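Single-structure report; data block below.
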Amino acid sequence: MFVLDASALLALLFGEPGHDRVAVVADGASVSTVNLAEVLTRFARDGHPVAAVLRRLETYAIEWAPFDDAHAAEVAALWPQTRRAGLSLADRACLALALDRGMPVLTADRVWAGLGLPVEIQLIR
C-alpha cells in the first residue's frame, strides 16, 4: 500500500510517464484530501468539469484520507526540513499522511528522495 501525491495522480489521469506504475497500486492507495483538492484545482483551472474528474478517480479504490489536526501539526513540523526544497503545503500534507500511516510515498517529484525524511519515497519515473 502506498500514499500517492498529486504528481502521481496527475500522471495517472494524464497518461504521463510513470502512469502505469501508479495504476498498478492505485487500488488500495491513500491520498490526502489536500492532494485531491490540488488535483481537482488543476483540472478546474484548465476548464475541465470537476465532477467528471471525480467520476474517473472513483474507478479506483483510493482512500481519500481526511486532513486532520494531527496532519496539520506534522505539515508545520516538516516545514524546516523541506523549505529549501520548495515543498508546498500539499506536498507536506502527503508526507504527513505517509508518516502517520507508516506507508511509502509514490511521487514524480525527484527532490523528495533527497530530503532524508523517515519515510520511504518511491519515484514513478
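The numbers here are math on the coordinates, done by the rules we state, and not lab data. Only a predicted model underlies this, so the values are computations on that prediction, with no experimental measurement involved. Please note: Cβ atoms are built from the backbone with ideal geometry, for glycine as well, and neighbour counts cover all protein chains shown.
For the reader, a short list of remarks on this structure follows.
- Test: Arg21 is touching a residue at least 60 places away in the same chain (Cβ under 8 Å) and not hydroxyl-bearing (Ser, Thr, Tyr): yes
- Here Gly28 meets the list (1) surrounded by 15 or more Cβ atoms within 10 Å (Cβ to Cβ); (2) not in a helix (DSSP H, G or I) almost entirely, failing just condition (1).
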